[in-house]
1. Please give the calculated 222 nm ellipticity per residue for the chain, where each DSSP H segment of at least 4 residues contributes -39500 (n - 2.57) and the sum is spread over every residue; nearest 500 deg cm²/dmol?
2. Please report LYS175, LYS180, LYS106 as a ranked list, fewest other C-beta atoms within 10 angstrom at the top and most at the bottom.
3. Based on the mean of other Cβ atoms within 10 Å per residue, sort peptides 241-249, 20-28, 158-166, 70-78 so the most packed one is first.
4. For LYS251, which lysines qualify as cross-link partners when the Cα separation must be under 24 Å and same-chain residues fewer than eight apart are set aside?
5. Cβ under 15 Å from ARG212's Cβ, ARG212 left aside: what net charge do those residues give with Lys, Arg +1 and Asp, Glu -1?
6. Scale the Cα Rg of the range 64-125 by the rule-of-thumb value 2.2 N^0.38 Å and send over the ratio, two decimals.
7. Taking Cα atoms of the range 164-273, Rg/Rh with Kirkwood Rh, to two decimals?
8. Report the antiparallel proportion of the DSSP beta bridges in the chain as a percent, rounded to a multiple of 5.
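Computed from the coordinates by the stated procedures, all read-outs in this text should not be read as laboratory data. None of the values given here were measured: they were computed from a predicted structure. Quick reminder, even Gly has a Cβ in these numbers, built from the backbone with ideal geometry, and neighbours come from all protein chains shown.
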Amino acid sequence: MSSLTQPPSKKVLVWSEEFLGAAGSTPNSQFWSVDTGDGSDRGLPGWGNEELEYYLDSALTLTGSNEGGLCITAQKQPANSPLMAYYGAAQYSSGKMHTDGKVGFKYGYLEVRAKMAPYGGTWPAIWLLGTDLKRGVSWPGCGEIDVMEGLGNEPTMIRGALHALGHFGDDAVTKIEDAKSDLSEEFHTYGVLWLPGSFDWYFDGRHYLSARKEDPGSVAGGWPFDQEFFLILNLAIGGKLGGEVNPALEKSEFFVDYIRHYEVDGVGEVILH
């Protein structure tokens with residue numbers, strides 16, 4: 001199957017989240033659940049990545065705007081913060097939300113319009129995990145699809161990726177491209193076309209990465225991408241990928257305008273729980 005140089009034109013919208021609502025209100029609980037804390041209660045202090053943030057539900061709010069309706073806010077905490085992380089008083093608060101148990105996705109074209117978070121050390125991400133995770137299959141065996149990961153320390157770089165057994169961390173199926181402009185200054189679209197046995201990633205309608213099940217060495221430990229996945233949005237701080245935090249970071253915001261999922265040539269579904 002050859003790569004598509006442009007996102008599919010013949011597609012049918014089957015689900016969308018436009019993040020419309022009153023300023024200061026919370027995301028729709030019909031679709032979204034919130035993670036709080038630093039991961040310690042799940043046996044993952046620092047969420048398994050040595051991250052510095054402590055997630056709060058109050059960091060996830062609607063802006064009341066027709067553009068960038070969701071805002072995930074990272075905030076520097078005072079030295080005497082009552083939020084206790086695995087390393088002591090939390091240095092930063094932020095937000096993380098997901099559709100697990102509420103909205104699932106399998107195949108199709110997923111597109112997100114977003115504006116990344118500024119300042120070195122920020123790590124905004126749009127990603128999916130396989131629901132096998134809830135059936136005892138640990139990460140990365142459950143599969144991970146990264147629609148986009150942004151880094152404040154590399155503000156012009158675009159990242160899409162797959163993670164699975166044998167392909168995670170530095171060995172993930174991935175590509176990094178230079179957008180030539182700071183991704184925190186404007187909204188851009190990030191898309192992934194997910195079909196049985198194949199993936200294609202797009203930035204502002206331009207193709208930049210492919211992955212195929214039949215490619216030599218592709219996901220050598222198995223191909224876990226023929227199941228339902230759930231979507232995650234978060235803004236991490238520091239950690240193994242986020243890197244050194246800019247001391248000037250007092251507040252940083254990650255904006256999401258919309259999320260749209262399409263059926264392509266009859267392939268693609270959304271599972272509402």
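1. When only DSSP H runs of four or more count, the value is 0 deg cm²/dmol.
2. LYS180, LYS175, LYS106
3. Highest-to-lowest ranking by the protection proxy: 158-166, 70-78, 241-249, 20-28.
4. Leaving aside lysines fewer than 8 places away in the same chain, those within reach of LYS251 are LYS76, LYS96, LYS115, LYS240.
5. Its environment carries a net charge of -2.
6. Its radius of gyration relative to the 2.2 N^0.38 Å reference: 1.49.
7. That ratio equals 0.98.
8. Counting DSSP beta bridges with both partners in the chain, the antiparallel share is about 95 percent.
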